[in-house]
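Report on the structure given below.
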Amino acid sequence: MVTQIAGLAGNTVGFTLTGNITKEHYDTIIIPAIEQANGNGPHINLLLVINTDLSNFTMGAWMKDALVGLQNLTRFNKVAVVSDSHLVRNMTSMANMIVPGEYKYFLPTEENEAKVWVSESDGRI
């Protein structure tokens, strides 16, 4: 299930992911919210709270995730990823080294810090 996080500042959009994640979640929740944020300025901040195992993502969800990433490659300003997965931590660290924008990993106990960090402007928004 994907739930959009309400009350985030500026051009920040966020989602909590639990249970099974499908292509339909991207089509009906994630992509429309990112497209709406795209209309609010040149850059987007993204908060992802991943409370599910990566094996719960369907192949269609992985494909949509890659597509969203590629389509918004230069638009993501800051991406905060909250998870207790070592694999997610490593993927976030790798993205921070090779993808434009700033990517940062947070533990579930640091979710509030993630919200503050991702919502802070660095002058690009």
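Structural remarks
- For region 61-82, backbone nitrogen atoms closer than 15 Å to the point 7 Å from Leu107 Cα along Cα-to-C-beta are found at 82.
- Taking amide H as placed 1.01 Å from N in the peptide plane, the amide H of Val82 sits under 5 Å from that of Leu48, Val49, Ile50, Phe106, each at least 5 places away or on another chain.
- Segments 92-101, 39-48, 68-77 sorted - mean Cβ within 10 Å per residue, highest first: 39-48, 68-77, 92-101
- Of all DSSP-defined beta bridges confined to the chain, some 15% are antiparallel rather than parallel.
- When the Cα convex hull of the chain is projected onto planes of every orientation, the mean area is 6.7 nm².
- Lysine pairs in the chain whose alpha-carbon atoms fall under 15 angstrom of each other, counting only those eight or more residues apart or on distinct chains, come to 4.
- When the charge dipole of the chain is built from unit charges on Cβ atoms (+1 for Lys and Arg, -1 for Asp and Glu) and taken about the Cα centre, the candidate among Asn45, Asn112, His86 whose Cα reaches farthest toward its positive end is Asn45.
- Local charge for Ala80 was computed over the other residues whose Cβ lies under 11 Å away, with Lys and Arg +1 and Asp and Glu -1, and equals -2.
- Within-13-Å neighbourhood charge of Asn51 [Cβ basis; K, R +1; D, E -1]: -3
Every number here is computed from the coordinates shown, using simple stated rules; none is lab data. Bear in mind the structure is a predicted one, so any value in this text is a computation, not a measurement. Quick reminder, even Gly has a Cβ in these numbers, built from the backbone with ideal geometry, and neighbours come from all protein chains shown.
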